[in-house]
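None of the figures in this text is laboratory data; all of them are computed from the coordinates on show. Bear in mind that the values here come from a model prediction, so they are computed numbers and not experimental data. All Cβ positions, glycine included, derive from the backbone under ideal geometry; neighbour counts span all protein chains shown.
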Amino acid sequence: MYKRTTFFDPNYYKFVGSWAWILHRLSGLGLIFYLSLHIWVINSLTYGDETFTKVTVFLNSPLFKLLEVGLWGIILFHAFNGIRVVIVDFFKGSLIHKKLFFVLIFIAFVLWIAGSYMLIAHIQW
Amino acid sequence: MMKNFKESSKTGAVLWLFQRITAVILFVMLVYHFVFYHFVSKGIYPWKEVVAKMQSPWFNLLQFTFLISALYHGLNGIWMVVEDYIHCKIWRMIIFSAIIIVGFALLFVGTLTIIKISSLNV
């Protein structure tokens with residue numbers, strides 16, 4: 001009998017792979033929303049010097065830098081879990097997918113700390 | 001009810017493969033993008049300098065590849081999620097049309113940015 005899928009079936013809460021899967025989806029949806037904004041905002045480059053400067057002043061504000069730290073984290077999670085997905089799909093990674101998840105997320109975490117440090121250091125208070 | 005969606009087992013394979021290909025492209029390009037535009041560059045750059053740099057044809061080729069890959073990967077990602085949860089054929093058609101329209105609108109805006117900047121005299 002056909003059964004309607006729930007967004008995230010509670011029966012799968014105990015698996016690492018399920019969490020990787022659902023977080024991959026959620027981060028992906030967040031990123032496409034950000035991409036739309038990005039394409040739209042970059043268009044302001046074509047309006048001339050004044051608009052561009054206004055936009056860049058906002059992009060350099062402490063608020064946006066903090067948002068960027070979050071963005072960098074979401075990108076890293078999605079990108080490194082994405083590598084895991086590609087390895088699982090093409091290189092028999094399903095045999096070691098849990099190990100892969102922890103190793104890749106650890107690398108992503110280190111890069112997140114390093115990148116966030118640089119972003120915060122750029123803030124001109 | 002599921003028999004209505006028999007066709008998706010065939011058409012989905014190509015979408016899936018391109019999702020993986022664009023993933024690899026995006027990984028490389030996004031790392032490059034973040035390192036150079038978020039970490040190396042800081043502060044406010046003069047508009048003229050930025051525009052002059054963005055007029056290089058190679059840069060534009062990369063920009064366009066980035067735009068196409070990101071839009072495909074993101075919008076196909078939404079579509080994959082929709083296919084998991086939306087089973088009404090009419091709703092699927094509505095959402096699919098919306099994704100196509102949004103995709104082309106963003107492609108238009110992005111391409112317009114690239115073309116307009118290339119044609120500016122600075």
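With the structure loaded, tell me whether A:Ser94 is hydroxyl-bearing (Ser, Thr, Tyr) and under 15 Å from the mean Cα position of the chain (by Cα) or whether it fails that test. Before you say what the answer is, go through the steps one by one.
Details: hydroxyl-bearing (Ser, Thr, Tyr): yes; under 15 Å from the mean Cα position of the chain (by Cα): no.
So A:Ser94 does not fit the description; no.
Here are B:Leu112, B:Leu26: which of them is touching a Ser or Thr at 6+ places or on another chain (Cβ under 6 Å) and either assigned to a helix (DSSP H, G or I) or more than 8 Å from chain A (Cβ to nearest Cβ) (or both)? Give the steps one after another, and end with the answer.
Numbers: B:Leu112 fails: touching a Ser or Thr at 6+ places or on another chain (Cβ under 6 Å).
Testing whether each residue is touching a Ser or Thr at 6+ places or on another chain (Cβ under 6 Å) and either assigned to a helix (DSSP H, G or I) or more than 8 Å from chain A (Cβ to nearest Cβ) (or both) leaves just B:Leu26.
Anything in the stretch A:101-124 that is part of a helix (DSSP H, G or I) and more than 20 Å from the chain's Cα centre (by Cα)? List them, or say none.
Those that are part of a helix (DSSP H, G or I) and more than 20 Å from the chain's Cα centre (by Cα): A:Ala121, A:His122.
Where residues in the stretch A:78-125 are among the basic types (Lys, Arg) and surrounded by 13 or more Cβ atoms within 10 Å (Cβ to Cβ), which of them is nearest to A:Phe58 (Cα to Cα)?
Narrowing the stretch A:78-125 to residues among the basic types (Lys, Arg): A:84, A:92, A:98-99.
In the following step, the residues that additionally are surrounded by 13 or more Cβ atoms within 10 Å (Cβ to Cβ) were identified as A:84, A:98.
Working: A:Arg84: 35, A:Lys98: 41 Å.
The residue in question is A:Arg84.
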Open item on the list: Tell me the residue from B:Ile86, B:Ile25 that is free of Cβ contacts under 8 Å to residues at least 12 places away in the same chain and surrounded by 12 or more Cβ atoms within 10 Å (Cβ to Cβ), please.
Closed with: B:Ile86
TODO: Of the conditions (1) under 15 Å from A:Trp19 (Cα atoms); (2) within 14 Å of chain B (Cβ to nearest Cβ), A:Ser116 clears all except one; give me its number.
DONE: (1)
TODO: Sort through A:Ile39, A:Ile22 and tell me the only one that's hydrophobic (A, V, I, L, M, F, W, C) and either surrounded by fewer than 17 Cβ atoms within 10 Å (Cβ to Cβ) or over 30 Å from B:Asn121 (Cβ atoms) (or both).
DONE: A:Ile22
Open item on the list: Considering only the stretch A:57-77, I want to know if a residue exists there that is loosely packed, with under 14 Cβ neighbours inside 10 Å, out of contact with any Leu (no Cβ under 7 Å at 6 or more places or on another chain) and touching a residue at least 24 places away in the same chain (Cβ under 8 Å).
Closed with: yes
- [ ] Would you be able to tell me the number of residues in the stretch A:83-111 that are among the small types (Gly, Ala, Ser) and either over 26 Å from B:Ala13 (Cβ atoms) or more than 14 Å from every other protein chain (Cβ to nearest Cβ) (or both)?
- [x] 2
